[in-house]
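Each remark here refers to the structure printed beneath this line.
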Amino acid sequence: MIHSHENGRSPCPGINTFANHGFIPRDGFNVSFAEIRAGIVEAANFHPSLIDSIIAAGVGGSTTEYDDTIHLDDLAIHGFPGEVDGSMSRNDIFFGDNHSFNATIWDMSFAHFHNPVVSVQDAAQVCVDRFAADDAANPEFDPKSPEGTPPMTVCFGSAGLYMLLMRDADGNPVRDWINTFFRHERLPEGWAKWPTPVTADDLNASLEAVMAAASGLTPSVRRHLL
């Protein structure tokens with residue numbers, strides 16, 4: 001893989017945001033998993049065991065010479081845990097660029113958020129509509145996580161994650177904060193990390209709530225999720 005980005009960045013807005021703020025090394029190259037773990041703990045107060053489970057799934061995708069480091073743009077390798085079809089803010093690999101933020105796709109996703117607080121139903125509908133659009137346009141569409149990672153789609157998992165990460169003090173996911181997080185890959189003004197560590201149980205509960213709220217999945221799309 002040719003690393004052509006001046007500042008190595010991934011297709012993940014969260015990882016990019018933490019790198020942009022310096023919680024993870026800004027250049028994005030040869031970043032150790034220890035640096036990623038420490039940076040996310042400091043930036044977002046995720047429990048280390050949650051981060052470790054994510055890191056463990058991604059070790060095999062590194063293109064560095066070492067098992068304990070990664071280039072952030074390695075995350076753009078198709079099939080790497082977290083990089084599959086149906087992203088809320090990136091295009092599918094079938095269309096060429098699965099790495100860069102796509103304003104057109106994010107505008108379509110963001111248009112689902114009608115109120116200052118994002119509901120679980122609206123978050124789920126983004127994924128449903130992205131799946132439908134991609135299934136119609138991409139003959140190789142597959143939104144599932146790779147074999148060996150948790151049995152979820154990345155879109156639902158990402159929704160569950162941003163619903164946790166971009167909460168206000170009352171636990172409400174804030175629409176404008178989510179927009180800043182995706183569109184500008186920055187931590188929003190006024191945002192603060194959750195005061196208690198975010199655990200794998202928290203993420204699973206958020207993911208399951210989003211998936212349970214999903215409605216309108218066509219049979220054509222549903223077959224990809226089995």
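Derivation of every value follows stated rules applied to the coordinates shown; laboratory data play no part. All figures in this text were calculated on a predicted structure; none of them were measured in a lab. Positions of Cβ are backbone-derived with ideal geometry, glycine not excepted, and every protein chain shown enters the neighbour counts.
Figures for the structure shown
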quantity: For the stretch 13-225, average projected area of the Cα convex hull in nm²; calculated: 11.0
quantity: Whole-number percent relative contact order across the stretch 13-225, with pairs defined as alpha carbons under 8 Å at least 6 apart; calculated: 24
quantity: Total charge dipole magnitude, the chain, about the Cα centre, Cβ charges on Lys, Arg, Asp, Glu only, Debye to nearest 20; calculated: 440
quantity: Among PRO143, PRO25, PRO195: highest mean-square fluctuation, GNM of the chain, C-alpha pairs under 10 Å; calculated: PRO195
quantity: Per the chain, cysteines lacking a partner by the 4.7 Å Cβ criterion; calculated: CYS12
quantity: Using a Förster distance of 22 Å, the FRET efficiency for THR199-ASN172 (Cβ separation, nearest 0.05); calculated: 0.65
quantity: Residues PHE94 and TRP191, FRET efficiency given R0 of 35 Å [Cβ-Cβ distance, rounded to 0.05]; calculated: 0.55
